[in-house]
Amino acid sequence: MRADITSIPISEVFEPKDGCPICRLHAILEERMASYITGPAMMEPDIRQETNRLGFCHGHYRKLLAQRKRLSVGLILESHLKELEKNAFTTSLTGKLKGMQAKAKEDCFVCQQLDTSMHQLISNTCHLWAREKDFRALYAEQPYFCLPHGRMLVNTALSVLPKKLQPDFQQITAERTREYLQALQEDVSHFCKMFDYRSDKSEENWGNAKDSIERAIAFLTAEEIE
């Protein structure tokens, strides 16, 4: 995977102050990877070898199709299906089909690349927070961190930050996460109360509750509801 695909300026991701910045980081990286795989990577033998071997999960096949390069996806599938037939079945010495190879879990090229790149980018975020005063202020001004990414930030900080800085980092990350969680609780409770027959269901009385179910799921899973 080319280095510039995963080189994302951390501070630029935090500047919009809109939603969870790590979710935004993940979305940018995922989009770049999908564009790269259906574009320049088509001519890179080492990438094609890995995509032939691993394939993609359902969600990332959808991301590839969203690039509107159906021929590229077709060529990827053509070579992956050939590789799959070669490796997924067992045959006798005479070539007779004996069965299918057991597989512990499904693989996905993009998922593997995302895991590696996100780990590095979150580590970079922690180092930037430790190094630059302006970024600390920007970090503290974020609306929230979703629960999975808040935990990832704290866990990473425990392994990469000096011990004297860890408490402050954990505190601000926890504050941003908990405050949004508390607001979500209120919005979801209000959503449920609006279905009481005694409630005033006028438009203005819904407040922020109408999309609270989708926002709560996104907060808990780090994935938007499509």
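Only one entry in 68, 53, 2 is surrounded by fewer than 18 Cβ atoms within 10 Å (Cβ to Cβ) and at positive phi, namely 68. Within the stretch 156-199, the residues that satisfy the criterion of being more than 16 Å from residue 125 (Cα to Cα) and of a type in the set (Asp, Glu) are 175, 179, 186, 187, 196.
Matching residues to (1) free of Cβ contacts under 8 Å to residues at least 60 places away in the same chain; (2) more than 22 Å from residue 68 (Cβ to Cβ); (3) within 16 Å of the chain's Cα centre (by Cα):
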residue: 9; (1), (2), (3): yes, yes, no
residue: 12; (1), (2), (3): yes, yes, no
residue: 15; (1), (2), (3): no, yes, no
residue: 31; (1), (2), (3): yes, no, yes
residue: 36; (1), (2), (3): yes, no, no
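Here are some residues: 172, 213, 122. Which one is assigned to a helix (DSSP H, G or I), under 21 Å from the mean Cα position of the chain (by Cα) and under 19 Å from residue 10 (Cα atoms)? Within the list 172, 213, 122, the selection yields 122. Among the residues of the stretch 71-106, the ones that are among the aliphatic types (A, V, I, L, M), outside any helix (DSSP H, G or I) and either modelled with pLDDT of 85 or more or surrounded by 10 or more Cβ atoms within 10 Å (Cβ to Cβ) (or both) come to 0 in all. For the stretch 193-222, taking the residues that are polar (S, T, N, Q) and closer than 24 Å to residue 178 by Cα, the one that is modelled with the lowest pLDDT is identified as 208. Checked against (1) at pLDDT 95 or above; (2) surrounded by fewer than 17 Cβ atoms within 10 Å (Cβ to Cβ); (3) in contact with a helix residue (DSSP H, G or I) (Cβ under 6 Å, 6 or more places away or on another chain); (4) not basic (Lys, Arg), residue 225 meets all criteria but (1). A single member of 128, 114, 138 is in contact (Cβ under 8 Å) with a residue 40 or more places away in the chain, surrounded by 10 or more Cβ atoms within 10 Å (Cβ to Cβ) and either among the aromatic types (Phe, Trp, Tyr) or in contact with a Leu (Cβ under 9 Å, 6 or more places away or on another chain) (or both), and it is 114.
The values are calculated or read from the model by the stated rules, or taken from the named source; none is laboratory data. Just so you know, these numbers come straight off a predicted model, no measurement behind them. Positions of Cβ are backbone-derived with ideal geometry, glycine not excepted, and every protein chain shown enters the neighbour counts.
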